[in-house]
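Undergrad: Quick one: this structure, given as structure tokens, is what I'll be asking you about.
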């Protein structure tokens, strides 16, 4: 089973993935970008926000996604693969940039994923107040420096996209307690 944990920065995805990994030692934990050697290099470029072209940014994400699928997801298709981010983030960020068509983005991501979308998605949804509090406690990367309203817009685009895609998903209130979120995820995944 291929599961994506999706949401904007500081919403608690990584914390919940760690809790799952602690509970189930046979799951494969990965992330996009950064789950492969190429992904580590791509992540460095993307987080510095150094690309002038939003098309170049999109293509770098897609290249990482294709490599990630080939190196991590496909070889582990008989295991539970949990990824911190994936194609839904890619679509959300691209739509928030305003330069891309939804159907075209879906097609490009299907191509990068060899036609295989995740089996389940867990979408963490936060609010402006929680986002402000959590981002004030860390050093912001290049994408976060685009602004908190930009991040909320990305979240909204992810949510809208997920509703259009017809993929099984769980929406999580990222402002809830860590334990409540963990229990709802365990109930949803049934692993």
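Undergrad: From 29, 72, grab the single residue that is within 20 Å of residue 17 (Cβ to Cβ), at pLDDT 85 or above and outside any strand (DSSP E or B).
TA: Details: 29 fails: outside any strand (DSSP E or B).
Criteria check complete, one pass: 72.
Undergrad: Within the range 13-22, is there a residue that is under 16 Å from the mean Cα position of the chain (by Cα), surrounded by 20 or more Cβ atoms within 10 Å (Cβ to Cβ) and on the phi > 0 side of the Ramachandran plot? Talk me through it step by step, then tell me what you get.
TA: From the range 13-22, those under 16 Å from the mean Cα position of the chain (by Cα) are 13-18; that's our starting set.
When the remaining residues are screened for being surrounded by 20 or more Cβ atoms within 10 Å (Cβ to Cβ), the result is 13, 16-17.
When the remaining residues are screened for being on the phi > 0 side of the Ramachandran plot, the result is none.
The answer is no, given that none of the residues of the range 13-22 is under 16 Å from the mean Cα position of the chain (by Cα), surrounded by 20 or more Cβ atoms within 10 Å (Cβ to Cβ) and on the phi > 0 side of the Ramachandran plot.
Undergrad: On to the next question. Report yes if residue 35 is farther than 18 Å from residue 115 by Cβ, under 17 Å from the mean Cα position of the chain (by Cα) and crowded, with 19+ Cβ neighbours inside 10 Å, otherwise no. Steps first, please.
TA: On the way: farther than 18 Å from residue 115 by Cβ: yes; under 17 Å from the mean Cα position of the chain (by Cα): yes; crowded, with 19+ Cβ neighbours inside 10 Å: yes.
Taking the combined requirement at face value, the residue satisfies it.
The values are calculated or read from the model by the stated rules, or taken from the named source; none is laboratory data. No experiment lies behind these values; they were computed from the predicted model shown. All Cβ positions, glycine included, derive from the backbone under ideal geometry; neighbour counts span all protein chains shown.
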